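Below is one structure, written out as structure tokens; comments come after it.
The values are calculated or read from the model by the stated rules, or taken from the named source; none is laboratory data. As the structure is a prediction and not an experimental result, all values here were calculated from the model. Quick reminder, even Gly has a Cβ in these numbers, built from the backbone with ideal geometry, and neighbours come from all protein chains shown. Surface accessibility is based on the protein's heavy atoms, side chains included, excluding ligands, DNA and RNA. Shrake-Rupley method; radii C 1.70, N 1.55, O 1.52, S 1.80 Å.
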Amino acid sequence: MDKKRLSFLITVLMVIISGCANDRDEGVQPIRSSLGREYQTYQPPQKASVVFSDIPELAEPNGVVTLRDALASALARNPQLSIFPYDLRVADARVLQAGLRPNPELQVNVEEFGGRGERSSFDGTETTVQVGQPIELAGKRAKRTRVVSLDKELVQWDYKAARLDVMREVTRAFIEVLAAQERLALTERLLELSRQAQAAVAQRVKAGKDSPVDELRANVAFSESRIERQKAEKALAAARHGLAATWGSRAPVFEKAADDFYEVSGPRPLAEMTAAIAGNPDLARWETEEDRRRAALHLEKAQAVPDVTIGGGVRRFEQTDDAAIVFGFAMPIPLLNRNQGGILAAIADLAKTRRQYEAVQIGTLAALSQATSALAAAYDEVTISRNDVLPKAQQAFEAAQQGYRQGKFDYLYILDAQRTLFRT
């Protein structure tokens, strides 16, 4: 057999084995997840390596901001949420990697040289060029792909839970801004009333109708109102920064938050809330977690089955200027290591899943019950305050003002009625 024919056989053998091993895996691209398409969420750049300055800037909320605006901005700009699209791409890449077959192996052996006599040179050498292909048995490739695919589903559940957490944080921060705005408006009204009361008391003291002590009290009340207003301004500034931070802004540029702060709806029944909690991502993810650990157990059992390596090649005999085809087969003998530890660990991990789910379920239901009770108590308090306490406090303050003008009450009485009204 001449050298050209020998080279041709070697090339054909390598191409055949390598082609069977590739199986078009290199053409597979990560698929972008469809989770959360109902909202506009930050998507990372297409290039794997980018500098921070290459990331496009998103519009900063400004002007009058509603809760819907705040939620949309936070879901698109929140720094924590911007991490998860990269995690999903990492999961896609791991799915791709898990589906790849092992690479073929090229082996070259040169024998029968460097000895004595006829074997002292390379004239009697035997050169073997062989290509081997490891073959995974027991469906390891499919089982490995199944495990990492479920890992990706868990990332998606975590992503969904993080989005709901952000929506909760935005809602709380938005309401804190509304409350701070209303508190500032109330302190400004209180400051104006204190200024009017201070002027009225000064006139009555000047006319000899009230004691100078009342004027001192009015001055103290006016100073306290100024302090409350300054505190309200700082609290509003802090609340604005907290809301802006939910969409990744270092300083707020919006003017105000707009909503009806005094519109309060009643709580939903506990039974209805309990039924709806089945869709909670923190609970729903555990079905996927159980499937993932079961798939991991199947993979560990498959690891107990040894893989085989088959190969073939050409051997050239220099002494006779001839060549022959060789074939090889190799497989570990599973006498000592049958992956016993990995299988036992996977079994225990799977059994632990149900206990973990029960613990999370009980904790979530307890937290839901506490939150529902607190909401119901707050709603009752709001209802009583709005329908009973606040009207009476308003009437008491108006009566105190009228009585003070008529000389029936002293300034301490009207001051107490004023504080009660604004506190309510």
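Observations on the structure shown:
- Whichever residue in region 247-287 is within 16 Å of L67 (Cα to Cα) and either of a type in the set (F, W, Y) or in contact with a Ser or Thr (Cβ under 6 Å, 6 or more places away or on another chain) (or both) and, among such residues, is surrounded by the fewest Cβ atoms within 10 Å (Cβ to Cβ): Y262
- Counting the residues of region 336-359 that are under 21 Å from R285 (Cβ atoms) and either of a type in the set (S, T, N, Q) or surrounded by 15 or more Cβ atoms within 10 Å (Cβ to Cβ) (or both) gives 6.
- Residue match in region 369-390 (condition: loosely packed, with under 11 Cβ neighbours inside 10 Å and within 24 Å of H298 (Cβ to Cβ)): no
- Residue pairs meeting the criteria (Cβ under 9 Å; at least 6 apart or on separate chains; first farther than 19 Å from A304 by Cβ, in region 325-354; second polar (S, T, N, Q) and open to solvent by 60 Å² or more (accessible area, probe 1.4 Å)): G328/Q107
- Test: R204 is modelled with pLDDT under 85, farther than 30 Å from P102 by Cα and not in a loop (DSSP other than H, G, I, E, B): yes
- Residue within region 147-165 that is open to solvent by 50 Å² or more (accessible area, probe 1.4 Å), closer than 30 Å to R94 by Cβ and of a type in the set (A, V, I, L, M, F, W, C) present: yes
- Here the condition is being touching a helix residue (DSSP H, G or I) at 6+ places or on another chain (Cβ under 8 Å), in contact (Cβ under 8 Å) with a residue 12 or more places away in the chain and more than 29 Å from A76 (Cβ to Cβ); of E233, E318, it holds for E233 alone.
- Picking from residues in region 295-322 that are among the acidic types (D, E) and either surrounded by fewer than 18 Cβ atoms within 10 Å (Cβ to Cβ) or more than 30 Å from S149 (Cβ to Cβ) (or both), the one that is nearest to the chain's Cα centre (by Cα) is D307.
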